[in-house]
Every structure is written in C-alpha cells, then in structure tokens.
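What follows is one structure encoded as structure tokens, with my remarks underneath.
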Amino acid sequence: MSGDESATPEPSVTLAHDYLLVMRGAERAFAAIADLYGRAPIYTLLYDERGTDGRFAERRVRTSLLQHLGVGQDDFRRLLPLYPVAIDLMRLEQCEAVVSSSSAFAHGVHPPPGAVHVCYCYTPFRYAWYEQDRALAEVSPALRPALRAALARSRRWDLRASRRVDSYVAISELSRERIARYFGRDSVVIHPPVETTRFTPGAGGERLLVVSELVRHKRVHVALQAARLAGAPITIVGSGPDRENLEREFPEAEFLGRASDEHLADLYSRARAVIVPSMEEFGITAVEAQAAGRPVVAAGAGGALETVLEGRTGLFASLDDAEDFARQIRALAELPDDPLQARANADRFSVDAFQRRLDAHVRGVLGAASAAP
C-alpha cells in the first residue's frame, strides 16, 4: 500500500482488469489498485507492455488464451464475442480476495474457493446494455444481425457474471445507478484516483483542449462543432477509429494523436479550457484539467456533476448541444480564473484518498465474510 503501512497485514489479493493495452483513465485507476496490492498477480484478457508504458512490467501479468492472437488497441473490438469465453476459462490462483477492475468483462472472473470478490466497476458493458444502437451503427448492415445476437448473449453472460461478485464499488452515482438497473445489485461509490501530482497549475492560453479516445460515444464532434461556432481554436489529443473522419470534417482543428504524460501536462496547463462533451461515468479528464488549474466546459450530466464546481471551476452545457457548448465557451470570459481553487477541488480525488477508501472497503468485505456463520 502506498503511503503509511496499514496497521493490519495486507490480505492476499488477486487482481483482474479487462485488458491492459493503453494507459487511459481505467488503466490509470487500475494502476493505483495494483500499487495498493503490490504483491498481487494480475489477470487480464490482453496485455501490451509497451502500450501501457511499461507500467506493469515488474508485475506477474497473466493473460487469456486470446493473447496469442496478437490483437492490439486498434483492433481488439473484433474479438468482443470471445471475451466472455476467455474470462470463463481463466483460473485464478488461491487468495483471500479478488479485486476486479471492470467496464465489461473482468467482473466475470471466477474467484477461487473461499475468496471474496470485490469489483471496482466503471460501468456495465456499455455496448451490451445502453449503447447497443451505437454499437450496431458502427458496423455494416450485413453484420448487424450477428452483432445483435452477440450482444444479447453478452447480456445473458453479464447477468450470470454479476452473481460472482460479493461487493460492487461504483466510480460515481451514475455508475451506481447503472449497476442497480442492469445487475440488480447495490454498490458503494468510491471515486477513481487521479494523479494530481503530475500537474502544475498554469495560467492557460488561447486554445481549447479535448483529451479523449476518438470513438463516437465520446462525442468529440460536438466539441469541434462548438469550437467552430464560437470561433475558438481547439486541439484534440487522442486517437481512435473516428480520427480520420473528424480530421476531414474539421480541418481547422489541431489533432495531435496520443501524447506522453509530460506533454499532456503541459497542454493542460496552457489550455484556455478543457472541453468534456460526453456523459462520463466519472471523467478523469475533467479532474486532470482542474489539477492543472484550468476550467472545464462539460456536459452537465454524469460524473462531471460530482467533479466540477459550476460557476467556480467550470461550466455545464446540455449534452449533444453544440450551440450550448459554444455559448458556454464564450461565457468563459465571465468565469473567475482561479487555478488554485481548481487544483484544490481536484485534490479531493487524489490517489492516496482513493487507496485508503478502497482498501478499507476490501477489508470490510473480508471481515464481514469471516464473521458470517
């Protein structure tokens, strides 16, 4: 455990995460979990040591049979129908507690006999439950019947898998509501960790900034349209299947692809504001922006309602409304520019705070299990 050692011995823990191919929000949260349980083996469907910047190079990382197919971040989605099978075939080593980190499949690991299973859940699998139409729209009409059937199988598997979890931990109130709606399970909320110490509050500049995977559900096109309407220069950091179309549609925008941690920290501190156009379950980008002292213009839904102080560290716009986002971009001139207030708000979501809360919860679940008749 980072920071002060716990007064009681660290329980034997096994960790699981969907796939470790890049270092984005969920992977950074999982890295904090891995640091908390430094001796725990890690199970994941797919692993790319280079893509994860060597972050787990010193750990025991055990992958599924699908690892041998050589699939990476750019094409891992084509294996979606196989992931439930691969998870079911995984055999975890004996331990007291399994801690899974899941936005799709890892919650379905089979804990060894006698172990409790705590799942840190970002969201139930979005394409199977609440973004099925978006998933179908991303494939050719000829493939849609097969994908629809695969998603139906995924939902059935997901429900069975949810019964393998003793305690769900949600990343936000939105995630908590979805876990209840789709799995019929209660959960507690522990906000994800943000590496706030990576950022130094800056005075900002002229350009707006978006940091996002370039996939349709992230709604980057809404931010680009809003910037165009507001006449504001904008930089996009991130990559994904939508990049080519977005670059063609918005030639005035600057597309940088993926950025190193150091470069990203510099981009945050020099941004006029960071735009978060999607409804995030939590939204680490909004917290990182505030850690760098910059305001946020976010969709007024989901996790942003828990991480951004409206009128103080950011502004809210209506989801999917580019004109309203443009209005809020113009309204940035009226927002007090207080980098230190933004940083103080971000520090509520530090790595240390997250690790203390999660470890206390895991120990509580273990204690309740041992006390049960």
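The values are calculated or read from the model by the stated rules, or taken from the named source; none is laboratory data. Note that this is a predicted model, so its numbers are computed, not measured. Here the Cβ is made from the backbone with ideal geometry for all residues, glycine too, and neighbour counts use every protein chain on show.
When you scan region 39-131 for strands (runs of 3 or more DSSP E) that lie fully inside it, which ones turn up with 3 or more residues that are touching a Ser or Thr at 6+ places or on another chain (Cβ under 7 Å) and of a type outside the set (D, E, K, R)?
Once the strands (runs of 3 or more DSSP E) in region 39-131 are filtered for at least 3 residues that are touching a Ser or Thr at 6+ places or on another chain (Cβ under 7 Å) and of a type outside the set (D, E, K, R), what remains is 116-121.
In region 153-169, what residues are farther than 10 Å from Phe183 by Cα and among the acidic types (Asp, Glu)?
Scanning region 153-169 gives a single hit, Asp166.
Which of the helices (runs of 4 or more DSSP H) contained wholly in region 248-312 include at least 3 residues that are under 30 Å from Gly54 (Cβ atoms)?
So the answer is 261-269, 284-291.
Being among the hydroxyl-bearing types (Ser, Thr, Tyr) and at pLDDT 95 or above narrows it down to one of Tyr168, Tyr127, so name that one.
That would be Tyr168, the only listed residue that is among the hydroxyl-bearing types (Ser, Thr, Tyr) and at pLDDT 95 or above.
Restricting the search to region 70-122, which residues are basic (Lys, Arg) and either over 26 Å from Arg178 (Cα atoms) or touching a Lys or Arg at 6+ places or on another chain (Cβ under 8 Å) (or both)?
Arg91
For region 296-350, name all the residues that are closer than 19 Å to Ile234 by Cα, within 21 Å of the chain's Cα centre (by Cα) and buried (at least 23 other Cβ atoms within 10 Å of the Cβ).
Val296, Val297, Ala298, Ala299, Gly314
For Ala137, only one of the following conditions fails: (1) touching a helix residue (DSSP H, G or I) at 6+ places or on another chain (Cβ under 9 Å); (2) buried (at least 17 other Cβ atoms within 10 Å of the Cβ); (3) over 20 Å from Ser187 (Cβ atoms). What is its number?
(2)
Residue by residue through region 171-217, note down the ones that are buried (at least 20 other Cβ atoms within 10 Å of the Cβ), more than 16 Å from the chain's Cα centre (by Cα), outside any loop (DSSP other than H, G, I, E, B) and among the hydrophobic types (A, V, I, L, M, F, W, C).
Phe183, Leu208, Leu209
Mind checking which residues of region 136-165 are part of a loop (DSSP other than H, G, I, E, B) and at pLDDT below 95?
Glu138, Val139, Ser140
Of the residues in region 53-92, how many are under 19 Å from Met23 (Cα atoms) and among the aromatic types (Phe, Trp, Tyr)?
Adding up the residues that qualify gives 2.
List the residue pairs whose Cβ atoms are under 6 Å apart, where the first residue sits in region 39-53 and is assigned by TED's automatic domain parsing to the domain that holds Ala106 and charged (D, E, K, R), the second is assigned to a strand (DSSP E or B) and at pLDDT 95 or above, and the two are 6 or more positions apart or on different chains.
Final answer for the pair search is none.
Given the residues Tyr168, Tyr120, Tyr127, which is the only one that is within 21 Å of Pro81 (Cβ to Cβ), in the same structural domain as Leu79 (by TED's automatic domain parsing) and under 21 Å from the mean Cα position of the chain (by Cα)? Walk me through how you get there before you give the answer.
Values: Tyr168 fails: within 21 Å of Pro81 (Cβ to Cβ); Tyr120 fails: within 21 Å of Pro81 (Cβ to Cβ).
Of the residues listed, the single one that is within 21 Å of Pro81 (Cβ to Cβ), in the same structural domain as Leu79 (by TED's automatic domain parsing) and under 21 Å from the mean Cα position of the chain (by Cα) is Tyr127.
Residue by residue through region 218-256, note down the ones that are of a type outside the set (A, V, I, L, M, F, W, C), surrounded by fewer than 17 Cβ atoms within 10 Å (Cβ to Cβ) and under 26 Å from Asp75 (Cβ atoms).
Result: Pro241, Glu244, Asn245, Glu247, Arg248, Glu249.
Quick check on my filter: what residues within region 21-59 are farther than 17 Å from Val99 by Cβ and not charged (D, E, K, R)?
Leu21, Val22, Met23, Gly25, Leu46, Tyr47, Gly51, Thr52, Gly54, Ala57
Checking the conditions here, which among Glu262, Glu288 is closer than 23 Å to Arg28 by Cβ, among the acidic types (Asp, Glu) and buried (at least 18 other Cβ atoms within 10 Å of the Cβ)?
Going through Glu262, Glu288 in turn, just one is closer than 23 Å to Arg28 by Cβ, among the acidic types (Asp, Glu) and buried (at least 18 other Cβ atoms within 10 Å of the Cβ): Glu288.
Would you be able to say whether some residue in region 72-82 is modelled with pLDDT of 90 or more, more than 19 Å from the chain's Cα centre (by Cα) and closer than 25 Å to Ser239 by Cα?
Keep residues of region 72-82 that are modelled with pLDDT of 90 or more, which gives 82.
Applying the additional criterion that residues be more than 19 Å from the chain's Cα centre (by Cα) yields 82.
Checking which are closer than 25 Å to Ser239 by Cα leaves us with 82.
Yes, region 72-82 contains a residue that is modelled with pLDDT of 90 or more, more than 19 Å from the chain's Cα centre (by Cα) and closer than 25 Å to Ser239 by Cα.
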